[in-house]
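Single-structure report; data block below.
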Amino acid sequence: VWKDGLRAADDDVPSITKSIVHHVQTSLSRQAYNLDDLGAYQATALSAKDNMLLNWNETQLAYTRKQPKRAYYLCIEYLMGRTFDNALLNLGLKDQYHEGVGKLGFNLEDLLTQERDAALGNGGLGRLAACYLDSSSSQELPVWGYSLRYKYGIFQQLIAPDGSQLEAPDPWLEHLNPFEIPRYDVQYEIRFYGQAERTADGRAVWSGGQEVLALAYDVMIPGYGTKNTNNLRLWESKPKRGFDLQSFNAGDYERAVEASNSAEAITSVLYPNDNTTFGKELRLKQQYFWTAASLADIIRRFKSLEKPFSALPDYAAIQLNDTHPTLAIPELMRILVDEEEVPWNSAWDIVTNTFFFTNHTVLPEALEKWPVPLFEHLLPRHLQIIYDINMTFLQSVEKKFPGDRERLSRMSLIEEGFPKQIRMAYLAIIGSRKVNGVAELHSQLLKATICKDFVEFYGISKFGNVTNGVTPRRWLDQCNPGLSALITETLKIPKSEWLKDLKKLEGLIKYADDPQFQKKWAAVKQTNKERLAQYVEATLGVKVNAKAMFDVQVKRLHEYKRQTLNIFGVIHRYFTLKAMTPEERKKANPRVVFFAGKAAPGYYIAKLVIRLIVNVARVVNADPDTKDYLEVYFLPDYSVSLAELLVPASNISQHISTAGTEASGTSNMKFCLNGGLLVGTVDGANIEIGEEIGEENVFFFGHLTEAVEDLRYQHTYHPVPIEQKCPALAHVLNEISAGKFGDGQTYEPLLNTVRHHDHYLLTEDFQSYIDALKLVDEAYLNQTTWLKKSIITCAKMGKFSSDRAILDYAEEYWSIEPLKVE
Ligand code: 26Y
């Protein structure tokens, strides 16, 4: 029913088809009779968007009216994946749209795959942010996300004929993006460079330099089973003045557009680095551009409430997701002190009650530090402010620990050296109300390492833990509709109930031994494996044995994540199978090993690992002796959408980082939620997964965190040759060197990282890894006990819903409350 000329779809099928046709003819100005899937997708998505918009408007109106305290989630990455399917699910309109689209001669499933992933992130950090937005809306919490509208997301990964990774741009905005709304009325001016001159009253005037515009784009975040629809606001950089008219008139067109190009460069591309810093000025520019625009927006909204600035912490909590938005701290000081004339100490009080900081890694190479000269050139006023914060802070340290000069230099925001560097993590710690890690072990490690001095200074209560979570909407219901339906049918409660209260999955435990239920459970997994096999056939042109056990490791390529351990294990398995008689082989457990993941373009060793995997796959898959027992695939261009195919299809997944290096991991949660069993080290959230589902259902192996430091010490000062320490691994490395998988020379730099310092302790963990995989094989042979493990694993994953995590942040950190939109 059309309520008025502009009003779009209602939720009955005739209105839906009507609104789709309306968009075909108006928004797309095309005709229904010669429409392709892309056009049909766009029109259908626009129709769904209209539905979301109504909810979005009502939500924002409710927030404006009731003025609740809000939380702002600042994350420089949001790995959203596709929006359309999730929107239909959350709106509860999937069936209606399926039917409506069918009436127009299209298949909804085909239309869904027309959408390009919004891949504005690298990995765990960005995907976590996306899950948290879904949970915020679903839990009816007033939370807004802020980030950048990168014109190009994470690069597309191609595999060259020699097996190495190639990168291509990701022009995800090439076609119309139906899910974003440009807000031409929301723009802020952002300054860079120039001069900062202190004035007598402790304030300063920052002038000159470059000014660019930040333009807002809004992305609606619908909640599941609620009207509440939050907002993700993305900033695009634009030149303040279109181009330099003077140069233009003088005929110098290049110069005329230079300034505009430099402004647009800021949000042109996502940096493809994950867990390693690189210190480029453009990246610092991105960080400031984003935090300054977001703060300007937050402050404008706060000012409309007409409250004194001292009330800011009662109306806004700002979450700093890792150190990337830490500039928000000196920026808020600048706004308060320089622009709003708030006295320095009052301003600092406001700041330290408004911000919250989450750390996502303990790897030293990921800790951001900016060289003072670069920083001073780009943000002269902010450097002054940081120096002032540092001085006051160190005075208070001196007061608490008189005469402890070592401590002062350890805790200083400025690291001495050539050049001096600003320690962003320390700035985030001292500028925030509370600090947390993302899994129990990680939070413990933080307190014992990076935060140690700060724990001694502030006391332990400033430091907490919020274990990560994942949204069961996308990571179960959406990616695994078969399992979702089976769960609903078995629990005999509406799906909306357990999807919002994931502990309800425990109701499955009593069926874990039931042969009928087990049979259905196994059938769902089999269907998912066949779906993946079809994808592999369609993309790589090879047939996968879907009867074999599917073994999956998908994540960013990084030495600490040890994809090397996996591929060396595969090679070991291949040699073992090769050495068997055909009769012996028949007893082996057939296995298909999948890898996927991107390497940072400049990360040489990680790229070599990809090359090795691809070439091992070539040799192994071509061997008729072992073909029935072992296949290996590297699936190119890992993405959220590919994960949605892989996660439901795994029998086991591997999370095998060196103990103490993976802060949490979140794909471990996704695989287990879908009934895949976990092979992993005692690290990150693996530990808590083990606690929840019972260690008898997890395949743990490897050294514990406590042992790592000693082992590394041994490796440095008392190295034992690898032949002696781990002959099986030595054999694998020697065969690679000898050219078994293509030119051995190519891999020497990678092999040497293991032979020499072995920082990630492969030689120490290899044997126990192989042993763990043997246990997996034995367990898999008994399908009854295996299925029981699989069912219990899923049933006990309730803790890892991102709803639990976001409610924890809301209550223990941000002090915000749900506000239901009626
Ligand atoms: C400084 C810059 C180069 C940088 C860019 C991206 C540094 C770090 C990152 C990304 C870090 C990241 O994704 N960390 C992951 O966060 C997940 C969510 O908390 C964790 O589950 C995962 O263990 C951790 O590696």
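Neighbours of I722 by Cβ distance under 9 Å: Lys/Arg scored +1, Asp/Glu scored -1, total 0.
Cβ crowding within 10 Å ranks H572, H442 as H572, H442, fewest other Cβ atoms first. Computed packing ranks the peptides 182-192, 109-119 as 109-119, 182-192, most packed first, by mean other Cβ atoms within 10 Å. Identify the GluC sites (Glu not before Pro) of region 258-349 meeting these criteria: DSSP loop state and at most 15 other C-beta atoms within 10 Å of the C-beta. Sparse-neighbourhood loop GluC sites (Glu not before Pro): E306, E340, E341. Taking a threshold of 32 Å on the Cα-Cα distance, which of the pairs K227/K520; K303/K420; K462/K561 fall above it? Beyond 32 Å between Cα atoms: K227/K520; K303/K420.
Given Cα pairs under 8 Å that are at least 6 residues apart, what percent is the relative contact order of region 48-142? Relative contact order of region 48-142: 41 percent. Here the chain is described by how far its Cα atoms reach on the three principal axes: 88, 75, 62 Å, from widest to narrowest. With N as its number of residues, region 131-243 has a Cα radius of gyration that, divided by 2.2 N^0.38 Å, comes to 1.51. Multiplying the residue separation of L781 and A707 by 0.36 nm and subtracting their alpha-carbon distance yields 23.3 nm. With the convex hull drawn over the C-alpha atoms of region 96-182, the volume per residue is 166 Å³. Projected label points at K740 and D625, each 7 Å from Cα along the beta carbon direction, are separated by 1.1 nanometres.
Considering only the chain, what is the antiparallel percent among its DSSP beta bridges, to the nearest 5? Counting only bridges with both partners in the chain, antiparallel ones make up about 45 percent. Here is the list for region 473-518: trypsin sites (Lys or Arg not before Pro) lying in DSSP coil, each with at most 13 other C-beta atoms within 10 angstrom of its C-beta, are K492. Between L166 and Q767, the FRET efficiency from the beta-carbon distance, with R0 = 30 Å, is close to 0.25. By the beta-carbon count within 10 Å of each Cβ, the least crowded to most crowded order of H175, H718, fewest first, is H718, H175. For region 613-709, the list of trypsin sites (Lys or Arg not before Pro) that fall in a loop by DSSP and count at most 14 other C-beta atoms within 10 angstrom reads K627. Computed extension gain for S27 through R65, at 0.36 nm per residue and net of the alpha carbon distance, reaches 10.5 nm.
Rounded to the nearest 500, the helix-only mean residue ellipticity at 222 nm of the chain stands at -14500 deg cm²/dmol, with each DSSP H run of n ≥ 4 adding -39,500 (n - 2.57). Here the residues S639, S294, S304, ranked from fewest to most Cβ neighbours within 10 Å of their Cβ, fall in the order S304, S639, S294. Projecting label points 7 angstrom from Cα along Cα→Cβ for K240 and V720 puts them 6.5 nm apart.
Given their separation in residues at 0.36 nm each and the Cα-Cα distance between them, H731 and D501 gain 77.8 nm when the chain is fully extended.
Where a number appears in this text, it was derived from the coordinates with a stated rule and is not lab data. Keep in mind that this is a model prediction, so the values were computed, not measured. Methodologically, a virtual Cβ is constructed for each residue, glycine included, from the backbone with ideal geometry; neighbour enumeration extends over all protein chains shown.
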